[in-house]
Amino acid sequence: MANIAFIGLGNMGGPMAANLVKAGHKVTGFDLVQASKDAAKADGIGIAATATDAVKGAEIVITMLPAGKHVLSVWKEVIPSVGKNALMIDCSTIDVESARHAHDHATEHNLPSIDAPVSGGTGGAKGATLTFMCGGDDHAFALAKPVLENMGKKVVHCGKGGAGQAAKICNNMILGISMIGVSEAFALGEKLGLSHQALFDVASTSSGQCWSLTSYCPVPGPVPASPANNDYKPGFATALMLKDLRLSQEAAKAAGAATPLGGHAESIYEAFEKAGHGGVDFSGIIKHVRDLAK
Ligand code: NAD
């Protein structure tokens with residue numbers, strides 16, 4: 001069992017750190033918010049006074065923070081205090097460039113590092129069923145895999161440093177686009193007099209089949225567990241989907257890739273957020289799609 005430092009004990013990091021405690025690790029955490037620290041303490045996580053204190057004696061350091069600037073600032077702050085050969089893991093969703101800078105910084109200090117963003121949301125974080133998408137060299141991945149398996153059910157090595165973030169934003173760009181597509185189909189079906197169940201029964205077993213339809217259907221009824229049945233409470237909030245679509249568009253611009261539908265999906269979610277729906281589940285975009293016809 002390892003000594004693990006966990007920085008960023010929010011909606012995702014808190015339950016992930018708790019699962020490391022359940023697996024028998026000694027976890028010392030830090031967050032800026034008192035309520036997150038209190039909740040983590042109740043889950044058996046030792047709370048340090050600063051991020052630098054949290055990493056002292058740690059064999060593994062994990063960060064789960066909002067954006068690239070937070071990850072770079074915390075990694076720069078703590079790396080000088082991290083022990084020789086400690087493994088650096090960032091599980092946040094951040095831009096590919098910042099992820100690469102974080103790896104470079106660890107390499108300058110001879111520390112192995114992995115970018116390991118997750119899919120699966122807060123339910124996956126609590127239930128230890130996350131999917132981890134990892135970028136880094138083979139040695140760092142081999143070190144990271146067993147500890148990530150304490151927090152998830154699938155750990156995929158996607159390539160060198162930054163490849164985990166690349167896989168994450170490509171996946172979520174598909175998700176953002178496909179949810180709008182499924183929402184447009186239901187909005188059109190409504191105008192054509194089709195029942196939601198009839199369209200679902202056909203499309204879910206036809207070539208329109210996709211995860212946004214069969215696991216996360218944006219209308220109530222056909223998929224009882226989808227947020228549409230719970231007044232579009234997240235789930236996965238619109239603000240987070242917009243964040244990931246923005247990251248995909250920044251990456252596309254930097255890499256010279258054409259992603260016209262990704263760009264359009266970003267502007268549609270942006271309009272929905274600007275109308276005050278950032279906290280609504282991203283499948284609530286069907287309301288925005290219907291409103292466009294008014
Ligand atoms: P959150 O806002 O609940 O948690 C982030 C935590 O980081 C907060 O508690 C904040 O106080 C802390 N923090 C910020 N700066 C800090 C610093 N300098 N030192 C210590 N702590 C600091 O966010 P979350 O939902 O837990 O998401 C974390 C990351 O996971 C994000 O990058 C997000 O995009 C990604 N993600 C979230 C979900 C989801 O469903 N919530 C799903 C997949 C990926």
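Computed from the coordinates by the stated procedures, all read-outs in this text should not be read as laboratory data. No experiment lies behind these values; they were computed from the predicted model shown. Here the Cβ positions follow ideal geometry from the backbone for every residue, glycine too, while neighbour counts run over all protein chains shown.
A few points about this structure:
- Between K287 and M1, the modelled label-to-label distance comes to 4.6 nm, taking each label 7 Å out from Cα in the direction of the beta carbon.
- Converting phi to 3J(HN,Hα) with the Karplus coefficients 6.51, -1.76 and 1.60 and the offset θ = phi - 60°, the range 55-61 yields 8, 5, x, 7, 8, 9, 10 Hz in sequence order, with x at every glycine or proline.
- Look at where the Cα atoms of the range 112-178 and of the range 219-267 average out, and the two centres are 18 Å apart.
- All-pairs alpha carbon distance profile, the range 1-99, 5 Å steps from 0, percent: 3, 15, 28, 26, 19, 8, 1, 0
- FRET efficiency for S207 and K69, using Cβ-Cβ distance with R0 set to 51 Å, rounded to 0.05: 0.75
- Angle between the chain longest axis and helix 260-272 axis [Cα atoms, degrees, rounded to 10]: 90 degrees
- Equivalent ellipsoid of the range 50-145: semi-axes from √(5λ) of the C-alpha gyration tensor, largest first, are 20, 14, 14 Å.
- Each distinct pair of alpha carbons in the chain adds a 1/r term; the inverse of their mean, the Kirkwood radius, is 20.0 Å.
- Computed per residue of the chain from DSSP H runs no shorter than four, each worth -39500 (n - 2.57), the mean residue ellipticity at 222 nm is -15500 deg cm²/dmol.
- By the equivalent-ellipsoid construction on the alpha carbon gyration tensor, the range 166-292 comes out with semi-axes of 24, 16, 13 Å, ordered largest to smallest.
- Pairs from the table (K160/K253; K22/K145; K191/K294; K76/K160; K26/K84; K22/K69) lying more than 23 angstrom apart at Cα are K22/K69.
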